[in-house]
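The values are calculated or read from the model by the stated rules, or taken from the named source; none is laboratory data. The structure displayed is predicted, hence computed values, not measured ones. Neighbour counts run over all protein chains shown; Cβ positions are idealised from the backbone, glycine included. When the accessible area is computed, the model is the full protein with side chains, heavy atoms only, and any ligands, DNA or RNA have been set aside. Shrake-Rupley method; radii C 1.70, N 1.55, O 1.52, S 1.80 Å.
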Amino acid sequence: MTDTQTTVIAQGTFDILHPGHLHYFSEAASLGDELHVIIARRENVTHKEKPILPDRQRRDMVAALEMVDEAHLGHTEDIFVPIERIDPDCIVLGHDQHHDEAAIADALASRGIDCEVRRASAREPKYEGELLSTGRIVDRILERRGR
């Protein structure tokens with residue numbers, strides 16, 4: 001009997017969890033049987049401000065979500081190491097993540113990892129003032145606290 005379980009990976013920083021993250025995880029989880037989330041290590045975040053919360057705390061918060069089967073910290077030197085270990089059928093990128101799907105697909109193929117690369121849809125605010133971005137949440141905190 002062959003294993004027909006579909007494994008999906010989502011990945012990101014997840015400094016402050018918000019409804020946009022929940023939408024991303026739910027959409028990714030709907031594409032398979034098992035959702036693994038890789039949390040970027042603080043030292044590897046170079047495309048935006050470094051996360052405030054410690055790596056383990058961010059991983060533990062993501063792991064506590066019902067739709068997430070396993071949460072993993074990224075590798076310190078090679079982002080593809082956990083992907084090779086998990087051996088997914090699909091990697092779902094966040095709608096606003098800076099990654100290029102074709103470049104990721106090429107890098108996966110060059111390592112012999114056969115999986116689809118997709119991009120999640122954006123989640124629209126459900127009410128006025130709903131914040132769907134860590135950056136916007138931080139900006140609002142600073143604005144309201146006068147800093």
**Request:** Look through segment 17-42, keep the residues that are acidic (Asp, Glu) and surrounded by fewer than 17 Cβ atoms within 10 Å (Cβ to Cβ), and return whichever of them is farthest from the chain's Cα centre (by Cα).
**Result:** Asp33
**Asked** Mind checking which residues of segment 5-29 are part of a loop (DSSP other than H, G, I, E, B) and either out of contact with any helix residue (DSSP H, G or I) (no Cβ under 8 Å at 6 or more places or on another chain) or among the acidic types (Asp, Glu) (or both)?
**Response** Gln5, Thr6, Asp15
**Those residues of segment 63-105 which are in contact with a Leu (Cβ under 9 Å, 6 or more places away or on another chain), in a loop (DSSP other than H, G, I, E, B), under 19 Å from Gln5 (Cβ atoms) and open to solvent by less than 30 Å² (accessible area, probe 1.4 Å), in sequence order** = Val68
**Message:** So, in segment 106-123, how many residues would count as being open to solvent by 40 Å² or more (accessible area, probe 1.4 Å) and not in a loop (DSSP other than H, G, I, E, B)?
**Reply:** 6
**Of all residues making up segment 1-10, the number that are surrounded by 23 or more Cβ atoms within 10 Å (Cβ to Cβ) and out of contact with any Pro (no Cβ under 8 Å at 6 or more places or on another chain)** = 1
**Request:** Could you please tell me which pairs satisfy a Cβ distance under 9 Å, a separation of 6+ or placement on different chains, a first residue in segment 124-146 that is free of Cβ contacts under 8 Å to residues at least 40 places away in the same chain and open to solvent by 100 Å² or more (accessible area, probe 1.4 Å), and a second residue that is aliphatic (A, V, I, L, M) and assigned to a loop (DSSP other than H, G, I, E, B)?
**Result:** Glu124/Leu132
**Asked** When residues of segment 30-62 are filtered for being over 30 Å from Thr4 (Cα atoms) and not in a loop (DSSP other than H, G, I, E, B), how many remain?
**Response** 7
**Asked** Quick one: what pairs do we get from segment 60-81, first residue closer than 15 Å to Val8 by Cα, second open to solvent by 30 Å² or more (accessible area, probe 1.4 Å) and basic (Lys, Arg), C-beta under 8 Å, 6+ apart or different chains?
**Response** Ala71/Arg59; His72/Arg59; Phe80/Arg111
